[in-house]
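All remarks here apply to the structure that follows.
What follows draws every value from the coordinates through simple rules; no lab data is involved. A quick note: this is a predicted structure, and the numbers were derived from the prediction, not measured. Cβ coordinates were reconstructed from backbone atoms using ideal geometry, including for glycine residues, and neighbour counts include every protein chain displayed.
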Amino acid sequence: MNSLTIKKICFFVLFVTSLTMMAQNQNTGRVTGKVSLSGNAPAEGVSVALKGTKYSAITNENGQYEIRNIKPGSYTISIHSVGIHGQEATIVVTAKQVTTKNFALSESQEDLDEVVITKNKYKQDKPSLSLRLQTPVLEIPQNVQIVSGQTLKDQQITSMSDGVIRNVSGAVRLEHWGDLYTNITMRGSQIQAFRNGFNVVSSFWGPLTEDMSFVDHIEFVKGPAGFMLSSGDPSGLYNVVTKKPTGITKGEVSVLGGSYDFYRVSLDLDGKLDKKGKLLYRFNGTAQNKGSHRAFEHNNRYVIAPVISYQIDDKTKITAEYNFQYANMTEVGSYYVFGPASDGYATLPVGFTMTQPGLPDTNIQDHSGYFTFEHKFDDNWKLTAQTSYFKYIQQGYSSWPSMVGSDDNALGKGNIIRNVGIWDAESNMYLGQIFVNGKFNTGSVSHKILSGVDLGSKDYMADWGQSHNLDTAANPFNVYNPNYGTPSNGFPAFDHDTPLSQRAGGLYGSEYAAGYIQDELGFFQNKLRLTLAARYTWIKQTSSYDNPQEDSHITPRVGVSYSLNESTAFYGLYDQAFSPQSGVVRDGQVKPLTGNNVEFGIKKDWFDGSWNTSLSVYNILKKNELTADPRNTPNEQYKIVLGEKRAQGVEFDVRGKLFDGLNLIANYAFTESIVNKVDPLVSDATGIEKGDIVPGYAKHTANAWLNYTVQNGKLKGFGASIGGTFLDGRQTDTWSEGLQKLPSYFKLDGGLSYETGKVKVTANVFNILNKYLYSGSYYQWLDAYYWQTEAPTNFRVGVTYKF
């Protein structure tokens with residue numbers, strides 16, 4: 001059975017499922033009520049369900065709930081949430097009547113601190129449990145930005161590399177790598193990729209960008225975070241939090257279509273596997289076909305993500321999760337176009353391609369499995385242990401020219417010799433974490449304790465050693481008169497059969513073990529918070545497996561946060577980082593990356609927490625960081641060790657509900673990164689000098705996304721959105737600056753939506769102004785510019801049905 005047949009079957013099954021769900025009959029009974037905490041405060045985010053059925057709801061910010069379309073009969077209604085004692089009652093539902101049932105809880109708001117409360121669809125007040133903290137975002141002495149699940153839906157974001165970063169200040173992707181690797185740059189460096197609290201980076205290129213079908217929300221932590229999340233980068237990280245069972249029986253199916261042969265079907269099922277609600281499940285599945293504005297290019301995805309959790313008793317819970325992503329795409333690099341240095345950037349049509357039709361597709365399999373054990377000793381102490389395994393398999397090709405013609409060489413301007421190299425890769429990661437959260441008081445001082453151990457083993461190997469010129473000097477590929485027939489030098493015949501371990505030219509490995517402890521001390525009824533932490537990390541790493549290096553280090557952390565009032569907090573932070581790096585150097589050895597961050601900021605909630613703002617300033621020093629060797633040729637992947645670099649900047653974010661129906665996300669960042677120190681040997685060999693600008697960031701970034709939904713009247717449920725991204729002072733991704741700079745960048749997007757009952761229709765238009773948008777760099781050894789264009793004006797239309 002070929003891949004096309006599999007694709008059609010997957011799409012057909014999910015599409016039929018969606019039609020079946022949409023055809024279900026609605027019932028006529030209705031149950032409403034309010035859930036209150038002690039003191040008559042509303043209880044938000046509490047699950048209300050009719051036992052043994054699919055009928056359920058979650059209380060809103062006023063503690064109110066409503067369950068519609070219920071068959072008449074007698075039911076047992078129950079409420080439950082983390083941190084409360086569940087209650088049950090018997091009710092009778094009558095056709096075309098409203099049954100009211102209120103609940104009064106003995107718990108206070110403080111008892112519900114573990115419940116992540118979302119006051120509106122764009123603002124989340126608490127980080128996920130995978131960030132290990134018990135502190136609201138407002139009180140954390142660090143810049144943490146959370147991109148909610150509803151934001152992803154409204155903006156029709158389908159993968160981690162598909163517009164997520166517009167929602168966070170200072171985050172850019174100057175080298176896009178298509179829809180393959182996310183590679184986000186923030187605060188002057190590529191930040192680390194995490195999933196459910198695990199660092200999932202095994203090489204510079206990974207991991208495969210996450211499909212949003214199984215993603216609940218995304219947390220961006222700026223600055224070092226090694227104290228709480230294994231090993232991170234001084235510039236920050238993003239943590240993808242996957243969907244988990246909620247205990248509420250519900251489902252959602254979405255069908256999405258758009259420009260360039262884009263169509264997608266996704267299914268989300270959530271519910272119980274037993275009557276008592278102890279055994280829960282969540283299943284997400286997706287089939288996607290994605291073309292491109294460039295001919296012959298595609299990137300198709302198939303995803304399954306089942307999760308099962310079991311509540312052993314009131315104190316103990318276990319969760320098992322598996323994520324599988326399969327990508328079938330054009331060869332890596334198909335999205336790049338090259339031109340001679342004399343012409344500069346963007347001299348060819350926006351849809352021009354250099355890729356060769358007929359090359360085999362590149363296939364990637366991304367497996368990840370998790371097992372989590374949670375145990376509450378009492379209301380103040382909790383133990384969490386989790387382990388994960390990641391397996392990444394890639395078989396395919398990468399394309400890059402071996403020569404670009406110009407007026408100054410014999411090949412001639414407009415002529416190119418295209419080269420295809422093999423890129424088979426495999427990665428294995430075994431990761432484990434165990435940590436304890438606790439709370440207690442010593443006199444008038446409160447304590448929040450976080451202590452734990454991290455263990456990890458990672459390896460990555462790849463074959464880049466086989467390459468083939470598609471064209472000859474006598475018959476090159478001409479960009480002004482392209483011929484996409486059989487290339488003049490024929491197609492490659494690479495060896496994929498010899499075991500990868502025998503032919504791999506890139507071998508990276510690392511092992512680490514760490515222990516840490518943190519105490520957040522609260523003074524003056526927790527108005528003043530002092531965070532003291534230390535982490536011991538041992539690392540063994542290698543780039544050849546022949547000469548592993550070991551090192552260890554203690555990294556301290558000191559943070560101060562002060563609440564001027566309930567809605568305003570100031571903070572200061574000093575933090576250090578110590579983490580392994582992956583890469584091969586020509587001479588010497590790869591050392592762990594070290595660095596520190598000094599940061600100050602202010603956070604404020606406005607109008608009873610409906611929306612918030614944050615402002616931060618920082619200074620980061622990094623030592624021993626690996627960066628691409630400017631002397632690399634197409635088949636070389638060498639790195640150099642940069643002595644020290646410094647990044648400084650200012651960041652501002654605003655997100656939330658300005659008033660009922662109107663939601664805003666906006667941000668701005670100023671970033672500057674330079675070489676602070678450089679080894680004389682490196683300087684002599686590469687020409688990099690102290691004071692040089694470090695490549696790979698934008699000096700100014702600004703984003704905005706405004707959404708309004710009509711709340712009442714005949715147009716109730718109708719919504720409109722508008723958003724833009726602006727970049728200026730863009731630095732290329734190579735040390736070779738060239739004579740031409742990347743221009744300023746502005747992209748405008750917008751959309752309309754309508755929601756009624758269980759159905760929501762969303763339509764978005766991207767690049768409304770139809771601008772020629774691109775990123776790129778100059779390569780000195782080729783004496784050529786390369787660039788990757790973004791799609792001209794395009795659209796997506798989606799229908800979502802909830803059941």
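For region 359-387 and region 677-724, write down the distance between their C-alpha centroids in whole Å.
30 Å
What are the residues whose amide H is under 5 Å from the amide H of Leu593, where those residues sit 5 or more places off or on another chain and H is modelled from the backbone?
Sorted by chain and number, the residues that satisfy this are Ser579, Gln581.
For the chain, with the dipole built from +1 on Lys and Arg beta-carbon atoms and -1 on Asp and Glu ones, taken about the Cα centre, which of Gln156, Ala763, Pro548 lies farthest toward the positive end?
With unit charges placed on the Cβ atoms, the residue in question is Ala763.
On a 28 Å Cα-Cα criterion, which of the cross-link pairs Lys540/Lys623; Lys243/Lys276; Lys243/Lys317; Lys222/Lys317 come out too long?
Details: Lys540/Lys623 18 Å; Lys243/Lys276 22 Å; Lys243/Lys317 16 Å; Lys222/Lys317 31 Å.
Violating the 28 Å Cα-Cα cut-off are Lys222/Lys317.
About the Cα centre, and with charges only on the beta carbon of Lys, Arg (+1) and Asp, Glu (-1), how big is the dipole of the chain? Nearest 20 debye, please. Working shown, then result.
Numbers: 74 positive and 77 negative charges, 585 e Å.
With only Lys, Arg, Asp and Glu charged at Cβ, the dipole is about 2800 debye.
Would you work out which of Leu773, Val678, Asn667 lies farthest towards the positive end of the dipole of the chain, given +1 charges on the beta-carbon of Lys and Arg and -1 on that of Asp and Glu, about the Cα centre?
Asn667
Evaluate the charge dipole of region 126-221 about its Cα centre and quote only its size in Debye, nearest 20, assuming +1 on the Cβ of each Lys and Arg and -1 on the Cβ of each Asp and Glu.
Numbers: 7 positive and 9 negative charges, 50 e Å.
Once rounded to the nearest 20, the dipole reads 240 debye.
Quick check: pseudo-label points 7 Å beyond the Cα along Cα→Cβ at Ile393 and Lys758, how many nm apart are they?
For the pair Ile393/Lys758, the computed spacing is 3.9 nm.
Report, in debye and to the nearest 20, how large the dipole of region 650-790 comes out about its Cα centre when Lys and Arg carry +1 and Asp and Glu carry -1 on their Cβ.
Details: 13 positive and 15 negative charges, 204 e Å.
Roughly 980 debye for region 650-790.
Order these by the 10 Å Cβ neighbour count, fewest first: Ile84, Ile422. Each step should come with its number before you reach the end.
Values: Ile84 20, Ile422 24.
Starting with the residue having the fewest Cβ neighbours, the order is Ile84, Ile422.
For n ≥ 4 DSSP H runs only, could you compute -39500 (n - 2.57) per run for the chain, divide by its residues and tell me the 222 nm figure to the nearest 500?
Values: 4 runs with 37 residues, N = 803.
After summing the helix terms and dividing by the residues of the chain, the value is -1500 deg cm²/dmol.
Which percent of Cα-Cα pairs in region 403-481 sits in each 10 Å bin, short to long?
Going from the shortest bin to the longest, the percentages are 14, 20, 14, 12, 11, 11, 10, 6, 1.
When each pair of different Cα atoms in region 129-242 is counted once in the 1/r mean, what is the Kirkwood radius in angstroms, to one decimal?
That comes to 14.1 Å for region 129-242.
Testing the spin-label approximation: label points 7 Å from Cα along Cα→Cβ at Leu521 and Phe600. State their distance in nm.
Using points 7 Å along Cα→Cβ, the separation is 2.3 nm.
How much length would be gained if the chain were fully extended between Tyr260 and Val558, taking 0.36 nm per residue of separation minus their Cα-Cα distance, in nm to one decimal? Before the final figure, lay out each step's value.
Values: separation 298, 0.36 × 298 = 107.28 nm, distance 5.07 nm.
Contour length minus Cα-Cα distance gives 102.2 nm.
Which FRET efficiency value, to the nearest 0.05, is calculated for Ile449 and Gln780 with the Förster distance at 56 angstrom and r the Cβ-Cβ distance? Display every interim value, and only then the final one.
On the way: r = 53 Å, r/R0 = 0.95.
Efficiency, rounded to the nearest 0.05: 0.60.
Please list, in chain and number order, the residues 5+ apart from Val694 or on another chain whose amide H is under 5 Å from its amide H, with Hs placed from the backbone.
Ser673, Ile674, Val675
Residues with amide H under 5 Å of His298's amide H, sequence separation 5 or more or different chain, H placed in the peptide plane at 1.01 Å from N; which?
Amide H neighbours of His298: Thr330.
Is any residue of region 358-377 close enough, with backbone N under 17 Å, to a label point placed 7 angstrom from the Cα of Ile318 along the Cα-Cβ axis, and if so, which?
Correct set: 369-376.
Give me the lysines in straight-line cross-link reach of Lys758: C-alpha distance below 20 Å, same-chain residues under 8 apart excluded.
Result set, ordered by chain and number: Lys54, Lys71, Lys96, Lys121, Lys153, Lys250, Lys714, Lys716, Lys802.
How large is ³J(HN,Hα) for each residue in region 532-543, as worked out from phi by the Karplus curve 6.51 cos²θ - 1.76 cosθ + 1.60 (θ = phi - 60°), to whole Hz, x for Gly and Pro?
Calculated HN-Hα couplings, in order: 10, 8, 8, 9, 9, 10, 10, 9, 10, 9, 8, 10 Hz.
For region 322-341 and region 427-454, what is the separation of their C-alpha centers, rounded to whole Å?
Spelled out, the Cα-based centre of one part sits 40 Å from the other.
Rank Asn239, Tyr122, Leu507 by how far each Cα sits towards the positive end of the charge dipole of the chain (+1 on Lys, Arg Cβ; -1 on Asp, Glu Cβ) and give me just the farthest.
Value computed over the given set: Tyr122.
How much length, in nm to one decimal, is gained on full extension between Lys51 and Ala473, taken as 0.36 nm per residue of separation minus their Cα-Cα distance? Intermediate results must be reported in sequence, preceding the final value.
Working: separation 422, 0.36 × 422 = 151.92 nm, distance 7.40 nm.
The Lys51-Ala473 span can extend by a further 144.5 nm.
To the nearest 10 degrees, how steep is helix 3-22 against the longest Cα principal axis of the chain, on a 0 to 90 scale?
For 3-22 against the chain, the angle is about 20 degrees.
Rounded, prolate or oblate: which fits region 257-341, taking a ≥ b ≥ c as square roots of the Cα gyration tensor eigenvalues, rounded meaning a/c under 1.5, else prolate when a/b beats b/c? All intermediate terms of the calculation are to be shown ahead of the outcome.
Numbers: a/c = 5.26, a/b = 2.85, b/c = 1.84.
Cα axes put region 257-341 in the prolate bin.
Cross-link candidates for Lys603: which aspartates and glutamates have Cα within less than 16 Å, leaving aside residues fewer than 8 places away along the same chain?
Reachable aspartates and glutamates: Asp125, Glu139, Glu566, Glu651, Asp653.
Taking the Kirkwood radius as the inverse of the mean 1/r across Cα pairs, report the Rg/Rh of the chain.
On the way: Rg = 27.0 Å, Rh = 28.0 Å.
Reported Rg/Rh (Cα atoms, Kirkwood Rh): 0.97.
If each residue of separation counts as 0.36 nm, what is the full-extension length gain between Asn565 and Lys716 once their alpha-carbon separation is subtracted? Before the final figure, lay out the partial values.
On the way: separation 151, 0.36 × 151 = 54.36 nm, distance 3.66 nm.
Here the answer is 50.7 nm.
Could you check what % of the DSSP bridge pairs in the chain are antiparallel, to the nearest 5?
Numbers: 326 of 338 bridges.
Taking every DSSP beta bridge with both residues in the chain, the antiparallel ones total about 95 percent.
In what sequence do Arg503, Arg655, Arg187 fall when counting other Cβ within 10 Å, fewest first?
Starting with the residue having the fewest Cβ neighbours, the order is Arg503, Arg655, Arg187.
Can you tell me how region 383-445 classifies by the Cα gyration tensor, rounded, prolate or oblate, using a/c under 1.5 as the rounded cut?
Working: a/c = 10.68, a/b = 2.84, b/c = 3.76.
It comes out oblate by the Cα gyration axes.
Give the order of Glu88, Glu252, Glu219 when sorted by the count of other beta carbons within 10 angstrom, beginning with the fewest. Could the numbers behind the result be given before it?
Numbers: Glu88 11, Glu252 19, Glu219 23.
Least to most surrounded, the residues fall as Glu88, Glu252, Glu219.
Between Trp538 and Lys699, how many nm apart are label points set 7 Å from Cα along the C-beta direction?
In this crude spin-label approximation the distance works out to 4.7 nm.
Classify region 206-304 as rounded, prolate or oblate from the Cα gyration tensor: take a ≥ b ≥ c as the square roots of its eigenvalues, call it rounded if a/c is under 1.5, otherwise prolate when a/b beats b/c and oblate if not.
Details: a/c = 3.08, a/b = 1.04, b/c = 2.95.
Verdict is oblate for region 206-304.
Got a sec to turn the phi values of region 611-621 into Karplus ³J(HN,Hα) couplings, 6.51 cos²θ - 1.76 cosθ + 1.60 with θ = phi - 60°, whole Hz, x for Gly and Pro?
Listing the rounded values in order: 9, 9, 10, 9, 10, 9, 10, 8, 9, 10, 10 Hz.
Which ³J(HN,Hα) values, rounded to whole Hz and listed in residue order, are derived for region 481-486 from phi using the Karplus coefficients 6.51, -1.76 and 1.60 in 6.51 cos²θ - 1.76 cosθ + 1.60 with θ = phi - 60°, glycine and proline given as x?
For region 481-486, the Karplus-derived couplings read 9, x, 10, 9, x, 4 Hz, x marking Gly and Pro.
Quick one: compute a quarter of the convex hull surface over the Cα atoms of region 358-468 and quote it in nm². Intermediate results must be reported in sequence, preceding the final value.
Numbers: hull surface 54.4 nm².
Its Cα hull, projected and averaged over all orientations, spans 13.6 nm².
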